[in-house]
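Structure record follows, encoded as structure tokens.
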Amino acid sequence: MITVLMPALLLGASFPAATQRAPATGGQTGQAASNPGWWNNAVIYEIYPRSFQDSNGDGIGDLNGITSRLDYLQKLGVDAIWLTPIYPSPQVDFGYDISDYDSIDPRYGTLDDFSRLVAEAKKRNIGIIMDLVLNHTSDQHPWFLESRSSRTNPKRDWYVWRDGKRVNGKLEPPNNWESVFGHSAWQWDAKTGQYYYHRFYIQQPDLNWNNPQVRNAMYDVARLWIRRGVAGFRLDAITSLFEDPSDTDEAYVLGPDGKPVINAYGDKEVMTNKTDNLPEVHDVLRELRRATDTASGRRVVLIGETYLDSIGDLRKMYGVNNDELQLPMDMQVGFINKFDVGLFRRRINQAETGLNGDEPLFVFDNHDNPRWDRYQTDAQGTADFGDGPHHDEIGRVIATVLFASRDTAMMYYGDEIGMVTTPPTRKEDVRDPIGITGWPKEKGRDGERTPMQWNAGPDAGFSSAGVKIWLPIPASYKRINVAAEEREPDSMLHWYEQIIALKKHDPALHDGEEIMLNTSDDHVLSWLRKSSHGEAVVVACNFTAEPRTMSFNLRAEGIQEERVKTLLKSPGAPEPRSLDRIELEPYGVYIGQIR
Ligand code: NOJ
Ligand code: CA
């Protein structure tokens, strides 16, 4: 399986024993976040603009294409759209290498198209969230062109430049730090005789966040887009803004045999203690929050790309005084990557009890990792992406954890129809550069970036017929597409619509506290949602391929009632008469209101 940006540490992390309820002192459960806003309990939909809808027949998705699909997103129940970067860019990292933060890449449209998208989305109560890439720019950005022009250029210090070191008379990079995308993180610049640091591609030099001019330039960028009407920002690679000034080597990551781990790029994997999650990040988050909070009368949300492996580190991202991110992404639940009931229970409960009552942002999918069908592969052991049994059943379980938890829910385009990860099968077809460097171990991220499947017609309705599309349409589009699923009552799309509607309109599912139930059950994950007015809903997800029968006794939760009214259940499952006997199909889901 490919898992591109997930640190090994997070995947293998061991967590302390679960408290299923909050302790009497310390953590709090089910309270409104201390600084609530429109984003609480909201549904945020990530769009990879290249791949959503092409409106002008060039084979690349664009802003007008997105605008033309807003009615669809409104019907689904989306509150905000996060657009991955649409700024002018050489597109080495498909937009994450920005050469001008103030404009729109002509491939995606114009500033007028952007304004129209913001205005049309607003009419439908949908906010537009921009991706803000603060860690690095493109090597073609005028700031970097100046910086690399001479050692005395005023912008020299805007990036991270260092001398090399002499080893046996040979010049080498300052230390062994590695790029996330393979090989040394230092690139030699012959003209000025120094190395520059790049955590990602060579064409993405890191900015020097110790320089106040860099900070102010970026806060100005944020203010500009707020004036243009955006509802918030998703902060790319936010934990990597600072590097340890000592510049000393990292330790090597050791495998179970005590030997250094060799990664997909053939390098000995190094730790990231000196390049990730340094404490200075919090100063920047507080400054950025102040800049964005005061930039307009509207409430602007800051979302963080925060691959953190402890709940304590995640909590810190909200700020001691709730003055940093409103929504750091919780990757600890969605990226467990195997159907382990105990682990899901523990991590969901940690999010409920370990964030000072602030709300977690759960996420299972994005443009950097295989789609949710990776759970199917793990659960079944051998199946290839998307073609094993129980695809739809597993999708319903994932959607239930995502939308029936007390959280802000972040989903990725195509999740709602069950699009499957479709990685390239030949190296010559790969578009994502890491898939070329890392082939065949690392096939890159093309598999999760394929075009949205709108219908069973030519090009799946993504582009105009006969056009060369930037990534091929997966063969599964004939069966998995919006038009077909709109007609099919038991489709994945209808499951998403129904469960999102419950999240919005059922008082317990909207923001009620979340209490884990039957906590010694290894097969079924179940929980109670309870609103402050006493409304209660029970949720049960079968994490196994065998049928299971559940019985709930909620007296310890102050609930005497045993009658239950079904809100949503897997297709074909029997109607239960009471909480005493709820039958679940393989990977079956039951959601019922207690009466
Ligand atoms: C995280 C983004 O999600 C990913 O797509 C990108 O390659 C890196 N950050 C570098 O910007
Ligand atoms: Ca286009």
Original post:
Which condition number does residue 57 fail, the rest of (1) open to solvent by 10 Å² or more (accessible area, probe 1.4 Å); (2) within 12 Å of ligand 2 (Cβ to nearest atom); (3) part of a helix (DSSP H, G or I); (4) not acidic (Asp, Glu) being met?
Top reply: (3)
**OP:** Return the total of residues in the range 102-138 being part of a loop (DSSP other than H, G, I, E, B), touching a residue at least 60 places away in the same chain (Cβ under 8 Å) and within 22 Å of the chain's Cα centre (by Cα).
**Re:** 3
**OP:** Among residues belonging to the range 436-455 that are more than 21 Å from residue 62 (Cα to Cα), in contact (Cβ under 8 Å) with a residue 12 or more places away in the chain and touching a helix residue (DSSP H, G or I) at 6+ places or on another chain (Cβ under 8 Å), point out the one that is farthest from ligand 2 (Cβ to nearest atom).
**Re:** 440
**OP:** Could you check residue 226 against (1) in a loop (DSSP other than H, G, I, E, B); (2) over 16 Å from residue 135 (Cβ atoms); (3) among the β-branched types (Val, Ile, Thr) and say which number it fails?
**Re:** (1)
Original post:
If you take just the helices (runs of 4 or more DSSP H) that sit entirely in the range 406-511, which of them hold at least 1 residues that are under 19 Å from residue 373 (Cβ atoms) and assigned by TED's automatic domain parsing to the domain that holds residue 565?
Top reply: none
**OP:** For residue 78, indicate whether it is more than 22 Å from residue 200 (Cβ to Cβ) and in contact (Cβ under 8 Å) with a residue 24 or more places away in the chain.
**Re:** yes
**OP:** Filter the range 538-595 for residues that are within 15 Å of residue 518 (Cα to Cα) and small (Gly, Ala, Ser) and give the result.
**Re:** 540, 551, 556
Original post:
Do we have any residue at all in the range 89-97 that's assigned to a loop (DSSP other than H, G, I, E, B) and more than 16 Å from ligand 1 (Cβ to nearest atom)?
Top reply: no
Subject >> the range 222-263, residues that are surrounded by fewer than 18 Cβ atoms within 10 Å (Cβ to Cβ), aliphatic (A, V, I, L, M) and in contact with a strand residue (DSSP E or B) (Cβ under 9 Å, 6 or more places away or on another chain) >> reply: 251, 253, 254, 261, 262
**OP:** Name every residue in the range 553-571 that is touching a residue at least 40 places away in the same chain (Cβ under 8 Å) and open to solvent by 20 Å² or more (accessible area, probe 1.4 Å), in order of residue number.
**Re:** 557, 567, 571
**OP:** Test residue 448 against the stated conditions and say whether it is under 30 Å from residue 347 (Cα atoms) and out of contact with any Phe, Trp or Tyr (no Cβ under 7 Å at 6 or more places or on another chain).
**Re:** yes
Original post:
Of all residues in the range 68-112, which are surrounded by 19 or more Cβ atoms within 10 Å (Cβ to Cβ), in contact with a helix residue (DSSP H, G or I) (Cβ under 9 Å, 6 or more places away or on another chain) and closer than 22 Å to residue 39 by Cβ?
Top reply: 73, 77, 78, 79, 80, 81, 83, 84, 85, 86
Original post:
Which ones in the range 527-549 are open to solvent by 10 Å² or more (accessible area, probe 1.4 Å), in a strand (DSSP E or B) and out of contact with any helix residue (DSSP H, G or I) (no Cβ under 8 Å at 6 or more places or on another chain)?
Top reply: 548, 549
**OP:** Tell me which residues, restricted to the range 211-265, are small (Gly, Ala, Ser), in contact (Cβ under 8 Å) with a residue 60 or more places away in the chain and closer than 28 Å to residue 165 by Cβ.
**Re:** 237, 240, 264
**OP:** Could you grab the pairs with beta carbons closer than 9 Å, sequence gap of 6+ or different chains, first residue in the range 177-203 and at positive phi, second one open to solvent by 50 Å² or more (accessible area, probe 1.4 Å) and not in a loop (DSSP other than H, G, I, E, B)?
**Re:** 182/437; 183/437
Subject >> Breaking point among (1) touching a residue at least 60 places away in the same chain (Cβ under 8 Å); (2) open to solvent by 20 Å² or more (accessible area, probe 1.4 Å); (3) of a type outside the set (Val, Ile, Thr), for residue 157 >> reply: (1)
**OP:** Scan the range 163-190 for residues that are open to solvent by less than 70 Å² (accessible area, probe 1.4 Å), in a strand (DSSP E or B), away from ligand 1 (no atom under 16 Å from the Cβ) and not β-branched (Val, Ile, Thr) and jot them down.
**Re:** 171, 172, 184, 186, 189
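The values are calculated or read from the model by the stated rules, or taken from the named source; none is laboratory data. Note that the structure is a prediction, hence the values are computed from the model and not measured. Methodologically, a virtual Cβ is constructed for each residue, glycine included, from the backbone with ideal geometry; neighbour enumeration extends over all protein chains shown. Calculation scope for accessible area: heavy atoms of the full protein, side chains included, ligands and nucleic acids excluded. Shrake-Rupley method; radii C 1.70, N 1.55, O 1.52, S 1.80 Å.
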